[in-house]
Amino acid sequence: MRALRQIVIVPALLTAVAAVVAGVALGPQVALALVLLVTLEIAMAADSSVPMAGVASRIDSRARQLFLSLGLVIGVVTVRLLLPPLAVATDEGDAGGAMVEAVVEPSEFAADLLEVRPAIAAFGAVFVWLVFAEYLFNTDRLTRRPWMGAAEASLARVQHPWAWSWATAAAGALLVAALVEPADRLHVLAWSAVGGLAYALSKGVSKWARGGTGAFRLHAHASTVIVERALVIFLVFEIPDGVSTLQSVTIVPVPAVQAMVAGTAVLIGAVFLAGLTSGVVSADGLSKLRHLKAGAAYVLGLLSVLLWTSLVVPIPGAVAAWVGSAVILAAFVSSLRPRARLRAKRVRRAGQRQGVEARSRAEVR
């Protein structure tokens, strides 16, 4: 309970202060909208904390400390707020103009984001699938208990796991390219290839950083993890329906203030995410609840499938977020049952030992 208070106290204080300021300066309706948006951000942060903890558990203690403190907050906020304008800039070629447009001309920016959404969805689907495939095909060759039974165990033992990872990603991209409009096929395939190249670059930098010592390598390793996870959150929130976070507070008439309110909610959600992820890691939650890591991995797999699907049929943005929450909840519940059985077994063994000791003392007497 004490650990939980430590996690929520800073986000709660930030929310209270921001709500009071918004209520006084902009009115109670804006304050209520801010609180609701913060609630959504915190709910999604609770969902994301498990995969974040899974990534943090794979890096050394020095990089983990940086990742769980300042780096995670800065990385998530920066990527969440800057990636939509940068995504639009890939089409228009003007990053600065796209950032200004996101704040002062939100309707035009929303239309531009919808135009580039297929490219980002194709990019993200391949990138996220390759991250998921690390777990699915057990590229690290770790010993683990499968969550999904024999099928998962068989996939975790395949020969040449990296080849399977890339082959399945390519198969997914080719299948979707065959289903989209003929005019969009080359576009989808090109951005799918870019997603694969971005993943390869991220893994290359991470491997290089782990291969030596020094502050620069340490920061490079932590940066790859932060960007990877922040990119996943961006894809969940922005891409399935093409609606940017900056345009989510429509009750505010002034676009710049609208962006400030939404940005405040993103910041508070990032602070909560960092605290909760740190709590999961410090409590060794992924080891004690053995299926949580699997659940976090399957969230990524489902997200990649939803991104591919969104290229063919519309997918509401809330679906990606709440489906992920359902998977994490299922992994959490399934992890509790074996722990309950283990506790019951320990109690029975303790009772049996006490009975044996009591009989031994009676015989001695």
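Taking the conditions exactly as written (in contact with a helix residue (DSSP H, G or I) (Cβ under 9 Å, 6 or more places away or on another chain) and either touching a residue at least 60 places away in the same chain (Cβ under 8 Å) or of a type in the set (Gly, Ala, Ser) (or both)), does TRP129 satisfy them or not?
Yes.
How many residues are surrounded by fewer than 18 Cβ atoms within 10 Å (Cβ to Cβ) and assigned to a loop (DSSP other than H, G, I, E, B) if we restrict to segment 151-175?
The qualifying residues number 4.
Here is a yes/no grid of residues against (1) at pLDDT 70 or above; (2) β-branched (Val, Ile, Thr); (3) crowded, with 19+ Cβ neighbours inside 10 Å:
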residue: ARG58; (1), (2), (3): no, no, no
residue: ALA63; (1), (2), (3): no, no, yes
residue: GLY75; (1), (2), (3): yes, no, yes
residue: PRO84; (1), (2), (3): yes, no, yes
residue: ALA87; (1), (2), (3): yes, no, yes
residue: GLU92; (1), (2), (3): no, no, no
residue: GLY96; (1), (2), (3): yes, no, no
residue: VAL100; (1), (2), (3): yes, yes, no
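Among PRO11, PRO28, which is the only one that is open to solvent by 70 Å² or more (accessible area, probe 1.4 Å), over 20 Å from LEU300 (Cα atoms), out of contact with any strand residue (DSSP E or B) (no Cβ under 9 Å at 6 or more places or on another chain) and modelled with pLDDT of 75 or more? First the steps, then the outcome.
Values: PRO11 fails: open to solvent by 70 Å² or more (accessible area, probe 1.4 Å).
Step by step, each of PRO11, PRO28 is checked, and only PRO28 is open to solvent by 70 Å² or more (accessible area, probe 1.4 Å), over 20 Å from LEU300 (Cα atoms), out of contact with any strand residue (DSSP E or B) (no Cβ under 9 Å at 6 or more places or on another chain) and modelled with pLDDT of 75 or more.
Condition (residue is more than 15 Å from VAL194 (Cα to Cα) and surrounded by fewer than 23 Cβ atoms within 10 Å (Cβ to Cβ)) applied to segment 116-123: is it met by at least one residue?
Residues of segment 116-123 more than 15 Å from VAL194 (Cα to Cα): none.
Taking every residue of segment 116-123 in turn, none turns out to be more than 15 Å from VAL194 (Cα to Cα) and surrounded by fewer than 23 Cβ atoms within 10 Å (Cβ to Cβ).
Hey, among the residues in segment 102-111 that are open to solvent by less than 30 Å² (accessible area, probe 1.4 Å) and either touching a Cys at 6+ places or on another chain (Cβ under 6 Å) or not aliphatic (A, V, I, L, M) (or both), which one's modelled with the highest pLDDT? Let's see the steps before the verdict.
Of segment 102-111, the ones open to solvent by less than 30 Å² (accessible area, probe 1.4 Å) are 102, 106, 109.
Filter once more, keeping what is either touching a Cys at 6+ places or on another chain (Cβ under 6 Å) or not aliphatic (A, V, I, L, M) (or both): 106, 109.
Working: PRO106: 69, PHE109: 76.
Result: PHE109.
What pairs can you find where one residue is in segment 146-167 and within 18 Å of SER192 (Cβ to Cβ), the other is surrounded by 10 or more Cβ atoms within 10 Å (Cβ to Cβ) and of a type in the set (Gly, Ala, Ser), and their Cβ atoms are less than 6 Å apart, with a gap of 6+ or different chains?
SER165/ALA133
Just the residues that are β-branched (Val, Ile, Thr), farther than 21 Å from LEU201 by Cβ and assigned to a helix (DSSP H, G or I), please, taken from segment 103-150. Explain how you work it out, then say what you get.
Applying the first criterion (β-branched (Val, Ile, Thr)) to segment 103-150 yields 103-104, 116, 120, 126, 128, 131, 139, 143.
Keeping just the survivors that are farther than 21 Å from LEU201 by Cβ gives 103-104, 143.
Listed by number, the residues that qualify are VAL103, VAL104.
Is it true that some residue in segment 335-347 is assigned to a helix (DSSP H, G or I) and at pLDDT 70 or above? Walk me through it before giving the result.
Applying the first criterion (assigned to a helix (DSSP H, G or I)) to segment 335-347 yields 335-347.
Narrowing the set further to residues that are at pLDDT 70 or above leaves 335-336.
Yes: segment 335-347 contains one or more residues that are assigned to a helix (DSSP H, G or I) and at pLDDT 70 or above.
Any residue in segment 128-140 that is open to solvent by 40 Å² or more (accessible area, probe 1.4 Å) and over 22 Å from the mean Cα position of the chain (by Cα)?
no
The values are calculated or read from the model by the stated rules, or taken from the named source; none is laboratory data. As the structure is a computational prediction, the values presented were derived from the model and not from experiment. Virtual Cβ from ideal backbone geometry, glycine too; neighbours counted across all protein chains shown. SASA here: full protein model, heavy atoms, side chains in, ligands and nucleic acids out. Shrake-Rupley method; radii C 1.70, N 1.55, O 1.52, S 1.80 Å.
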